[in-house]
Amino acid sequence: MSNSKVANSGKDATSAYNVEAVRAQFPIFEREIDGQPLHYLDNAATAQTPRAVLDAVAVHDSRHRANVMRSIHHLAEEATEAFEAARGQVAQFLNATSPTEIVFTSGTTGAINLVAHAFGGTLQPGDEVVISQVEHHSNIVPWQMVRDRIGITLRVLSASADGAVDLAALQAIVTPRTKLIAVTHGSNVSGAMTNVAPIVAAARAVGAKVLLDGAQRAPHGPIDVQALGVDFYGFSSHKTFGPNGVGVLWGRSEVLDALPPFMGGGEMIRTVTLDETIYAEPPHRFEAGTPPIAQAVGLGAALAWLCAQDLTGAARHEQRLTGRLIDGLDDIDNNRGLIRLIGPRELDNRLPVVSFAIEGLHPHDICQLLDGHGVALRGGHHCAQPLMDFFGLTGTTRASVALYNNDGDVDAFLNGLDDVIKLLKP
Ligand SMILES: Cc1ncc(COP(=O)(O)O)c(C=O)c1O
């Protein structure tokens, strides 16, 4: 079945979006892979970094490098200023009420583990945390660890047939013992977005908190945590056009204020004696040790860069490419029932992440053969084994689009896949 809503050529209403001008800002696309252009469709794993971000990090490290919030000298003050300015950029990106709601972490995984330790440590045996079958392992394993440490009960929302968090059983799963609902904002496997409002309403009805894993949503533009009405939001810099090694936990002020620290060490304290410690206020209470300073500065630059792009045009462009990917899979399949799309067919309210399975072909083999066409994909369980179990698969092949991908990338993928299938499934 072809998706009729989508034009199947590079030239349509979205042509006003100048993808080549965006792409030209990414030095990585100057390189070739075995003599072929790079067709990078593994953005859900890690996005590429524009020159503006590479420069911001290089300038920081070559001109302003020092530790933050410690020494009284020129460089230390500049470094602290740049680090705190980055916090301000993140606050703006998330529409936080204050930069003090922004905690720098190592990534989404670091953000969720922080909540699992700090908030999880306040839970009592028998309290309940709700997750879903759609989650990345980083929003499953930390809660299993809390369960095993404290004796809480984990309750799980199922996946729907198109790989979204299924809310049909929400009212039954959320109980007066629920203390937190921790779910993804959008799936890294299916691309399905989560319907957040009913989750927040169900949580509020029993006084529970809500955590959203925003790893896959953040690369697509600003997020309004206040409008979402959640309590915690996490995302990773490296998926959002920034450097590796840094990420964000946003926490509602009053929620962060009430939490104990996760790690102990330098800079998270007000005073220390050999007998006791008085902790600093958030966010520093949650940032023990030297933080990833240049990386945070790079993240600030990445968010500023992202917000300066034509994001409405980019969203339409990504949606059109997603439609071309889905239609192209249908065309290659040609009613043979070989290719199984894992994710919604509808293009509205979905991330540009397209997963599929081909009967009898291992995703790693597909990825390896497509790599020979210069196409970078991801194949495997995508750190979402419970979702794979739901679909009765061990893995999928995933093509994920960012705002710099063009029709040439989609063509290379579809032509390459067609060749692979002709070769392996004649
Ligand atoms: C939905 C989702 N959550 C969490 C993560 C973990 O992100 P990180 O490895 O950057 O901590 C990922 C990474 O793929 C993801 O896709």
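Of the listed peptides 180-192, 108-120, 348-360, what is their order by residue-averaged count of other C-beta atoms within 10 Å, with the highest listed first? Show your work: numbers first, answer last.
Details: 180-192: 26.5, 108-120: 24.2, 348-360: 20.6.
Ranking the peptides 180-192, 108-120, 348-360 by packing returns 180-192, 108-120, 348-360.
From the phi of every residue in segment 27-42, what ³J(HN,Hα) in whole Hz does the Karplus formula 6.51 cos²θ - 1.76 cosθ + 1.60 yield, where θ is phi - 60° and glycine or proline is x?
Calculated HN-Hα couplings, in order: x, 4, 7, 7, 8, 10, 10, 6, x, 10, x, 7, 10, 8, 10, 10 Hz.
Quick one: Karplus J couplings for segment 325-334, per residue in order, coefficients 6.51, -1.76, 1.60, θ = phi - 60°, nearest Hz, x for Gly and Pro?
Here the 3J(HN,Hα) series is 5, 5, 4, x, 4, 4, 5, 5, 5, 6 Hz.
As an exercise, use a Förster radius of 22 Å and the Cβ-Cβ distance of T175 and R149 to find the FRET efficiency, rounded to the nearest 0.05. Kindly include the intermediate steps, with their values, before the conclusion.
Working: r = 21 Å, r/R0 = 0.96.
The calculated FRET efficiency here is 0.55.
Place a point 7 Å from Cα of A308 in the direction of its Cβ. Which residues in segment 34-53 have their backbone N less than 14 Å from it?
50-53
As I understand it, the value is the acute angle between the Cα axis of helix 407-424 and the longest principal axis of the Cα atoms of the chain; what does it come to in degrees, rounded to 10?
60
Rounded to the nearest 20 debye, what is the charge dipole size of segment 64-307 about its Cα centre when +1 sits on each Lys and Arg Cβ and -1 on each Asp and Glu Cβ?
Roughly 380 debye, rounded to the nearest 20.
Show log10 I(q)/I(0) for segment 56-131 at q = 0.22, 0.25, 0.27 Å⁻¹, two decimals, from a solvent-free Debye sum over equal Cα scatterers.
Here log10 of I(q) over I(0) equals -1.06, -1.15, -1.18.
So what is the diffusion coefficient of the chain in µm² per second by Stokes-Einstein at 37 °C and 0.692 mPa s, using a Kirkwood Rh over Cα pairs? Spell out each step's value before the answer.
Values: Rh = 22.5 Å.
Estimated diffusion coefficient is 146 µm²/s.
Counting only residues 5 or more places away or on other chains, whose amide H sits under 5 Å from the amide H of I342 once H atoms are built in the peptide plane?
The list, which skips near neighbours in sequence, is S355, F356, A357.
Can you show me the helix-derived [θ] at 222 nm for the chain, built from DSSP H runs with n ≥ 4 at -39,500 (n - 2.57) apiece and divided by the number of residues, rounded to the nearest 500.
Details: 14 runs with 156 residues, N = 426.
Estimated from H runs of four or more residues: -11000 deg cm²/dmol.
Remind me, what semi-axes does segment 46-86 give for its equivalent ellipsoid, largest first in whole Å, using sqrt of 5 times each Cα gyration tensor eigenvalue? Show your work: numbers first, answer last.
Working: eigenvalues 104, 21, 10 Å².
Sorted largest first and rounded, they come to 23, 10, 7 Å.
Quick one: which residues, 5 or more positions from Y279 or on another chain, have an amide H under 5 Å from its amide H? H modelled 1.01 Å from N in the peptide plane, none for Pro or chain starts.
Counting only residues 5 or more places away or on other chains, the set is R270.
Note down the relative contact order for the chain as a percent, whole number, built from C-alpha pairs under 8 angstrom at least six residues apart.
Numbers: 857 pairs, mean separation 100.0, N = 426.
Rounded, it is 23 percent for the chain.
Given all pairs of different Cα atoms, what value in angstroms does the Kirkwood hydrodynamic radius of segment 208-292 take? Each step should come with its number before you reach the end.
Working: mean 1/r = 0.0694 Å⁻¹.
Taking the inverse mean of 1/r over all distinct Cα pairs, segment 208-292 comes out at 14.4 Å.
Quick one: pull the percentage of alpha-carbon pairs in segment 64-307 with a separation above 26 Å. Walk me through the numbers before you get to the answer.
Working: 11032 of 29646 pairs.
It works out to 37 percent of all Cα pairs.
Please name whichever of G110, P292, A205 sits farthest to the positive end of the charge dipole of segment 64-307, dipole taken about the Cα centre and charges placed at Cβ: Lys and Arg +1, Asp and Glu -1.
Of the listed residues, the answer is A205.
How much of the DSSP bridge set in the chain is antiparallel, in percent, rounded to the nearest 5? Let's see the in-between values first.
Details: 28 of 47 bridges.
The antiparallel proportion sits near 60 percent.
Ranked from highest to lowest mean number of other Cβ atoms within 10 Å per residue, what is the order of the peptides 26-33, 215-222?
Values: 26-33: 13.0, 215-222: 22.0.
Packing order, densest peptide first, comes out as 215-222, 26-33.
Based on Cα positions only, what radius of gyration and what Dmax would you give for segment 315-416, in angstroms?
13.0, 34
If packing is taken as the average number of other Cβ atoms within 10 Å across a peptide's residues, how do 34-45, 272-283 rank, most packed first? Write down the numbers at each step before the final one.
On the way: 34-45: 18.2, 272-283: 12.2.
Averaged packing, sorted descending, gives the order 34-45, 272-283.
Quick note: the coordinates plus some simple rules give every number you see, no bench work behind them. Because the structure is predicted, anything quoted here is derived from the model rather than measured. Neighbour counts run over all protein chains shown; Cβ positions are idealised from the backbone, glycine included.
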